[in-house]
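The values are calculated or read from the model by the stated rules, or taken from the named source; none is laboratory data. Keep in mind that this is a model prediction, so the values were computed, not measured. Glycine also receives a Cβ, built like all others from the backbone with ideal geometry; neighbour counts cover every protein chain displayed.
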Amino acid sequence: QVQLVESGGGLVQPGGSLRLSCAASGRGLGLYAMGWYRQAPGKQRELVATITKGGITNYVDSVRGRFTISRDNAKNTVYLQMNSLKPGDTAVYFCNAQRVGGSYWGQGTQVTVSS
């Protein structure tokens, strides 16, 4: 089992940047495929980006070229660098760790993009 804690959210103006972090405790993060999801008010949770244990990344079309997911297994941390933020990126962002037999979520961190 792994416990996840997100941080780094906040209020940013359109065009700005934020870096989210997801710190894991318990089992080593290297055992898991990792993902960032987001949920805006009144909408379903959606996948934003994923990174495999081997470091292969994938992104939803709406963030490709603006967001970068990365992982540092030695630090048990996954990151989401978000650039050129838009009001439509406003949501609670969640970290997910997944492997056979288990899927784990953090509590989320709020990102608000507004002028």
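Quick one: THR112 ticks every box in (1) at pLDDT below 95; (2) within 25 Å of GLY15 (Cβ to Cβ) except a single one, so which number is it?
The failed condition is (1).
Any chance you could count how many residues in the range 1-26 are of a type outside the set (S, T, N, Q), under 16 Å from PHE94 (Cα atoms) and either assigned to a strand (DSSP E or B) or more than 11 Å from the chain's Cα centre (by Cα) (or both)?
Looking only at the range 1-26, we keep the residues that are of a type outside the set (S, T, N, Q), and these are 2, 4-6, 8-12, 14-16, 18-20, 22-24, 26.
Imposing the further condition that a residue be under 16 Å from PHE94 (Cα atoms) reduces the set to 2, 4-6, 8-10, 18-20, 22-24.
Checking the rest, the ones that are also either assigned to a strand (DSSP E or B) or more than 11 Å from the chain's Cα centre (by Cα) (or both) come to 2, 4-6, 10, 18-20, 22-24.
Result for the range 1-26: 11.
Here are the criteria: (1) more than 11 Å from VAL78 (Cβ to Cβ); (2) modelled with pLDDT of 95 or more; (3) touching a Gly at 6+ places or on another chain (Cβ under 6 Å). Tell me which single one GLU6 does not satisfy.
So the condition that GLU6 fails would be (1).
Could you please let me know if VAL63 is hydrophobic (A, V, I, L, M, F, W, C), within 17 Å of ALA91 (Cα to Cα) and touching an Asp or Glu at 6+ places or on another chain (Cβ under 9 Å)? Lay out the reasoning, then the answer.
Details: hydrophobic (A, V, I, L, M, F, W, C): yes; within 17 Å of ALA91 (Cα to Cα): yes; touching an Asp or Glu at 6+ places or on another chain (Cβ under 9 Å): yes.
Yes; evaluated as a whole, the condition is true for this residue.
Would you point out the residue of the range 89-115, among those that are of a type in the set (Gly, Ala, Ser) and in contact (Cβ under 8 Å) with a residue 40 or more places away in the chain, that is farthest from ALA40 (Cα to Cα)? I'd like the intermediate steps shown before the answer.
Filtering the range 89-115 for residues of a type in the set (Gly, Ala, Ser) gives 91, 97, 101-103, 106, 108, 114-115.
Right, trim to in contact (Cβ under 8 Å) with a residue 40 or more places away in the chain and you get 91, 97, 102, 106, 108, 114-115.
Values: ALA91: 4, ALA97: 21, GLY102: 25, GLY106: 16, GLY108: 12, SER114: 14, SER115: 18 Å.
Result: GLY102.
Each row is one residue, and each column tells you yes or no for (1) among the polar types (S, T, N, Q); (2) more than 14 Å from the chain's Cα centre (by Cα); (3) within 20 Å of LEU4 (Cα to Cα).
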{"position": "ARG45", "(1), (2), (3)": "no, no, yes"}
{"position": "ASN58", "(1), (2), (3)": "yes, no, no"}
{"position": "SER62", "(1), (2), (3)": "yes, yes, no"}
{"position": "PHE67", "(1), (2), (3)": "no, no, no"}
{"position": "SER70", "(1), (2), (3)": "yes, no, yes"}
{"position": "ALA74", "(1), (2), (3)": "no, yes, yes"}
{"position": "SER84", "(1), (2), (3)": "yes, yes, no"}
{"position": "PRO87", "(1), (2), (3)": "no, yes, no"}
